[in-house]
Amino acid sequence: MLPKILVTGGAGYIGSHACKALAAAGYIPVTYDNLCTGWRDAVRFGPFEHGDLADRARLDQVFADHQPVAVMHFAALSQVGESMQDPGKYWRGNVCASLTLVESMLAAGVRDMVFSSTCATYGDQDGVILNESTAQAPLNAYGASKRAIEDMLRDFGASDGLRSVIFRYFNVAGADPEAEIGEFHQPETHLIPLILDAIDGRRPALTIYGTDYPTQDGTCIRDYVHVMDLVDAHLLGLDWLRGPDHLQTGGSELFCLGTGRGFSVREVLDEAREVTNRPVPVTEGPRRPGDAVKLVSGSEKAGKVLGWHPHRSRLPLMIADAWRWHQTGHYSG
Ligand code: UFG
């Protein structure tokens, strides 16, 4: 019997790619998702359990039925703008929900978790290259909720022997190179899929949020990581966690997943024009509340400890993979 991994948010963008990679690596990914932002069509690589993280009885039942050896916790609300308008939704939907998950898994005797955190926990840091020891100062409730979950995992590591790998993602992009699954949000807020929508006429134009930032061309800078590289890190993190020598008495280990190289919004637009060989209609708008000027990270620690190398995280390749998926597949249910 292959080992099972409970994948919360397995119907979402990153979670579905993780399920594909887990299945290829000899695990059975069990998706637990309430489909509030995920897609049933994206669950293709293992069983699906419809459920909400707030539902303790349902979670307990799923742990009892499947007996997973570990949890990958992707499920989260993740819209920066929405989190500024409705912070309660984020504290309840991210923090309280994660607490229920942690209590349920520990009650079931499952101690290992790989958790998706975010560079949005940093806030503005004056353009420095970020790493695991940079202080956190989130600018929005989304980032604050993720930081709180990081703290929660550390506390349960000390009290109950929970063992967690925390990944702080930078900007995830691209899609499965086989285009079986990809990035599809409703509503879409992310830069690259919005640019592709503008290119193929699904939207009238891409609005640049702010052209007066203190950067070389006035637009924000982000560090883009290919979703396949990101899920590779999860498998390496899982192996590391389940290895014999790590975090035996509980605790957590943090890794930043970035490339060390940032691209401005205008640079991403130029690259998208180049890769698709199509014009991108663009308008310039005001800054979006909650946006940091520059978020770029190194990945020395993930390279050294886990052996992770983001070799697919080249902007043209990420846009090309996203474009292939964009032209062929979309989810409807
Ligand atoms: N942007 C535009 N126009 C758009 C959309 C985005 O100019 O229509 C700009 C943003 O201002 C930002 C950059 O493109 O400078 C990237 O924006 P995204 O919305 O694609 O991603 P974020 O940088 O906002 O990412 C943040 C966190 C992630 C988190 C994500 C959740 O950094 O960790 O929000 O939505 F997962």
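The values are calculated or read from the model by the stated rules, or taken from the named source; none is laboratory data. Note that the structure is predicted; figures quoted are calculated from it, not measured. Methodologically, a virtual Cβ is constructed for each residue, glycine included, from the backbone with ideal geometry; neighbour enumeration extends over all protein chains shown.
Of all residues in segment 252-270, exactly one satisfies the criterion of being among the small types (Gly, Ala, Ser) and either out of contact with any Lys or Arg (no Cβ under 9 Å at 6 or more places or on another chain) or at pLDDT below 95 (or both), namely 260. Can you find a residue that is surrounded by fewer than 19 Cβ atoms within 10 Å (Cβ to Cβ), more than 18 Å from the chain's Cα centre (by Cα) and under 14 Å from residue 220 (Cα atoms) anywhere in segment 295-303? No, segment 295-303 contains no residue that is surrounded by fewer than 19 Cβ atoms within 10 Å (Cβ to Cβ), more than 18 Å from the chain's Cα centre (by Cα) and under 14 Å from residue 220 (Cα atoms). Take the conditions (1) part of a loop (DSSP other than H, G, I, E, B); (2) within 21 Å of residue 118 (Cβ to Cβ); residue 7 misses just one of them, which is (1).
Those helices (runs of 4 or more DSSP H) of segment 68-110 in which at least 1 residues are within 16 Å of the ligand (Cβ to nearest atom) and touching a strand residue (DSSP E or B) at 6+ places or on another chain (Cβ under 9 Å), considering only elements entirely within it, cover 97-107.
Please enumerate the residues belonging to segment 288-302 that are farther than 17 Å from residue 190 by Cβ and within 12 Å of the ligand (Cβ to nearest atom).
If we filter segment 288-302 for residues that are farther than 17 Å from residue 190 by Cβ, which is where we start, we get 293-294, 296-302.
Residues satisfying the conditions are 293, 294, 296, 297.
For segment 47-91, filtering for residues that are modelled with pLDDT of 95 or more and over 20 Å from residue 184 (Cα atoms) leaves 30.
Of all the criteria given as (1) assigned to a loop (DSSP other than H, G, I, E, B); (2) surrounded by 20 or more Cβ atoms within 10 Å (Cβ to Cβ), the one not satisfied by residue 322 is (1).
Restricting attention to segment 17-28, which residues are closer than 12 Å to residue 230 by Cβ and buried (at least 24 other Cβ atoms within 10 Å of the Cβ)? I'd like the intermediate steps shown before the answer.
In the first step, residues of segment 17-28 are kept if they are closer than 12 Å to residue 230 by Cβ; the result is 17-18, 21.
If the condition is that a residue be closer than 12 Å to residue 230 by Cβ and buried (at least 24 other Cβ atoms within 10 Å of the Cβ), then 17, 18 are the ones that fit.
For segment 163-181, how many residues meet the condition of being away from the ligand (no atom under 15 Å from the Cβ) and either more than 18 Å from the chain's Cα centre (by Cα) or of a type outside the set (A, V, I, L, M, F, W, C) (or both)? Step through it out loud before you land on a result.
Kept after step one, since they are away from the ligand (no atom under 15 Å from the Cβ), are these residues of segment 163-181: 163-165, 176-181.
Adding the requirement that they be either more than 18 Å from the chain's Cα centre (by Cα) or of a type outside the set (A, V, I, L, M, F, W, C) (or both) leaves 163-164, 176-180.
Residues in segment 163-181 being away from the ligand (no atom under 15 Å from the Cβ) and either more than 18 Å from the chain's Cα centre (by Cα) or of a type outside the set (A, V, I, L, M, F, W, C) (or both): 7 in total.
Looking across 155, 124, 151, 160, one residue alone is within 14 Å of the ligand (Cβ to nearest atom), surrounded by fewer than 20 Cβ atoms within 10 Å (Cβ to Cβ) and among the acidic types (Asp, Glu). It is 124.
From the set of residues in segment 200-255 that are within 30 Å of residue 286 (Cβ to Cβ) and under 15 Å from the mean Cα position of the chain (by Cα), which is farthest from the ligand (Cβ to nearest atom)? Talk me through it step by step, then tell me what you get.
As a first pass, look at segment 200-255 and keep what is within 30 Å of residue 286 (Cβ to Cβ): 200-225, 227.
Next, from what is left, pick out any that are under 15 Å from the mean Cα position of the chain (by Cα): 222-225, 227.
Details: 222: 5, 223: 9, 224: 9, 225: 10, 227: 12 Å.
Residue satisfying both the conditions and the ranking: 227.
Name every residue in segment 291-318 that is in a loop (DSSP other than H, G, I, E, B) and under 26 Å from residue 114 (Cβ atoms), in order of residue number. 292, 296, 298, 299, 307, 308, 309, 310, 311, 312, 313, 314 - these are the residues of segment 291-318 that are in a loop (DSSP other than H, G, I, E, B) and under 26 Å from residue 114 (Cβ atoms).
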